[in-house]
Amino acid sequence: MALPSSLEELIEALRCLPGVGPKSAQRMAYHLLQYNPRGATRLSQAISRAVETLRRCQRCNNFTEAEVCERCVSSRRDATQLCIVEMPVDLNAMEQTHAYNGLYYVLMGRLSPLDGIGPRELAFDRLLARVGDGVVKEVILATNFTNEGEATAHYLYEMLHARGLKVSRIARGVPVGGEIEYTDAATVAQALIERREY
């Protein structure tokens, strides 16, 4: 017997989430309907509101409700530094360190030719306009250390360095609190390469 069409639609809608397959989507749908219908309504309203009110910040490309986000207009931030990250979650991770007080630019992805994502899809022309404002002096590349993230960082380095900007890359190495014997060889090798004077 077929499922009610509204239930099928809910299950299919939940599958758009990353890492959610048919079985997980089905479990979520039944859980929301059976155990938390108020939560389901709240979730539905929150998604609708976010879709209606959020837009991209004109300066950093992150999500905001205003034309320019609070972080970008803050006089407490160092406008001479611009940290480029792949996604908003990466920006959040950088902010949680409390070690950086500059501004950001969110690419909303990374170069991935196999997936059809090139400089045009990531709107690199918009990034160039942002770094060309005459205020930015240093660009910090904080893309992930995946193949795509490294390719993105390399492409951006070439593009930005050619425009006379100081370009740096976040370091890699043994994590704080980590033990060398449990760290993979590539990470230890990178930590040796990027060592600094004590």
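FYI, it's all coordinate maths here, none of it is from the lab. Values in this document were obtained by computation on a predicted structure and should not be read as measured data. In this analysis, Cβ positions are derived from the backbone assuming ideal geometry, glycine residues included, and neighbour counts consider all displayed protein chains.
Worth pointing out:
- Estimated distance in nm for a label pair at Asp115 and Val135, the labels positioned 7 Å out from Cα along Cα-to-Cβ: 3.1 nm
- The Rg/Rh ratio of the range 51-198, with Rg taken over Cα atoms and Rh as the Kirkwood radius over Cα pairs, comes to 0.99.
- Cβ-placed point charges (K, R +1; D, E -1), dipole of the chain about Cα centre in debye, nearest 20: 480 debye
- Derived scalar couplings ³J(HN,Hα) [the range 148-163; Karplus, 6.51 cos²θ - 1.76 cosθ + 1.60; whole Hz; x for Gly, Pro]: 5, x, 5, 5, 5, 4, 5, 4, 5, 4, 4, 5, 7, 4, 5, 9
- Residues with amide H under 5 Å from that of Cys69, placed H, sequence gap 5 or more: Gln58, Arg59, Cys60
- Think of each Lys and Arg Cβ as +1 and each Asp and Glu Cβ as -1; about the Cα centre, that makes the dipole of the range 4-118 roughly 220 debye.
- Cut-off under 5 Å, modelled amide H: who pairs with Val136 long-range: none
- Relative contact order (%) - the chain, alpha-carbon pairs under 8 angstrom, separation at least six: 13 percent
- Under-5 Å amide H pairs with Val167, H placed in peptide plane, nonlocal only: Val139
- Spin-label model, Arg56 to Arg196: label points 7 Å out along the Cα-to-beta-carbon direction sit 3.3 nm apart.
- Using the Karplus relation 6.51 cos²θ - 1.76 cosθ + 1.60 with θ = phi - 60°, the per-residue 3J(HN,Hα) values for the range 188-198 come to 5, 4, 5, 4, 5, 4, 9, 4, 9, 5, 8 Hz, with x marking Gly and Pro.
- Cα gyration tensor, the range 1-40 - rounded (a/c under 1.5), prolate or oblate: oblate
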